[in-house]
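Reading through the structure tokens given below for one structure.
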Amino acid sequence: MLPLVAGTLLITGVACLVAIPFGLGAAIYLSEYARPRTRRILKPALEVLAGIPTVVYGYFALTFVTPLLQSLGVPVGVFNALSAALVMGIMIIPTIASLSEDAMTAVPQALRDGAYGLGSNKLQVSTRIVVPAAISGIVASFVLGISRAVGETMIVLLAAGGMPNLTLNPLEQVQTMTAFVAAVGAGDAPHGTVAYNTIFAVGLTLFAITFAMNLVSIRLVRKYREVYE
């Protein structure tokens, strides 16, 4: 179980390093900098990425991202955690960006006007007024994106490899909990064997992790929620 948990956390962590900065940056741009016409075009285009089947992302990671990393001199094999994590980060950017932008848009314009009246520039208003005021929605978008990364199957099944590996090196191939369930549950494990029962143990662990993440999310959202009249 431990190599599967380590592989899941490794890929999720690298994916968050990609998705959270770019997703939050896209949300700030759409909410505070983009013109209304630009926002009407870019936001639906960004959300289209969320509708792409994950098997397409996995094939993209295997046939494009991995060869690209190899051409750049990164010592990765055909299957590796890094390419799967990078593409998974791209996949959850629309989720974080869209929900965060909705939370920022809900911040009253009076807060922005008050900050401008005190001499703040647009960057200060965006980062010191709007983001803290919308922090509960932003945290919820982060947790939702992380939960989706933890539960993703096809990208890691195609690009990360099928070798359980207790490592924190993203250049090696790993196996996540969801990839293990998909691989072992394909019908080759006889009923009643240890391998068959392990599927349910891994699934229960995955459920416990996502359930705990949602509990933490609810606590954080309630703690930092701002109510405006």
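Do the conditions hold for residue 190, that is, is it outside any helix (DSSP H, G or I), under 17 Å from residue 12 (Cα atoms) and not acidic (Asp, Glu)?
no
The numbered conditions (1) surrounded by fewer than 13 Cβ atoms within 10 Å (Cβ to Cβ); (2) not in a loop (DSSP other than H, G, I, E, B) are all true for residue 75 except (2).
Among the aliphatic types (A, V, I, L, M), surrounded by 20 or more Cβ atoms within 10 Å (Cβ to Cβ), over 15 Å from residue 159 (Cα atoms) and more than 15 Å from the chain's Cα centre (by Cα): does that describe residue 130?
yes
Looking across 84, 115, 106, one residue alone is over 20 Å from the mean Cα position of the chain (by Cα), touching a residue at least 24 places away in the same chain (Cβ under 8 Å), surrounded by 13 or more Cβ atoms within 10 Å (Cβ to Cβ) and at negative phi. It is 106.
Results for (1) surrounded by 14 or more Cβ atoms within 10 Å (Cβ to Cβ); (2) modelled with pLDDT under 85, shown as yes or no for each residue.
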| residue | (1), (2) |
| --- | --- |
| 150 | yes, no |
| 159 | yes, no |
| 164 | yes, yes |
| 167 | yes, yes |
| 171 | yes, no |
| 190 | no, yes |
| 202 | yes, no |
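Taking residue 168 as the residue in question, decide whether it is under 30 Å from residue 218 (Cα atoms), outside any helix (DSSP H, G or I) and among the hydrophobic types (A, V, I, L, M, F, W, C). Spelling it out, residue 168 is indeed under 30 Å from residue 218 (Cα atoms), outside any helix (DSSP H, G or I) and among the hydrophobic types (A, V, I, L, M, F, W, C).
Among the numbered conditions (1) touching a residue at least 12 places away in the same chain (Cβ under 8 Å); (2) in a helix (DSSP H, G or I), the only one that residue 208 does not meet is (1). Of the numbered criteria (1) farther than 30 Å from residue 131 by Cα; (2) buried (at least 21 other Cβ atoms within 10 Å of the Cβ), the one residue 63 fails is (2).
The values are calculated or read from the model by the stated rules, or taken from the named source; none is laboratory data. Bear in mind the structure is a predicted one, so any value in this text is a computation, not a measurement. All Cβ positions, glycine included, derive from the backbone under ideal geometry; neighbour counts span all protein chains shown.
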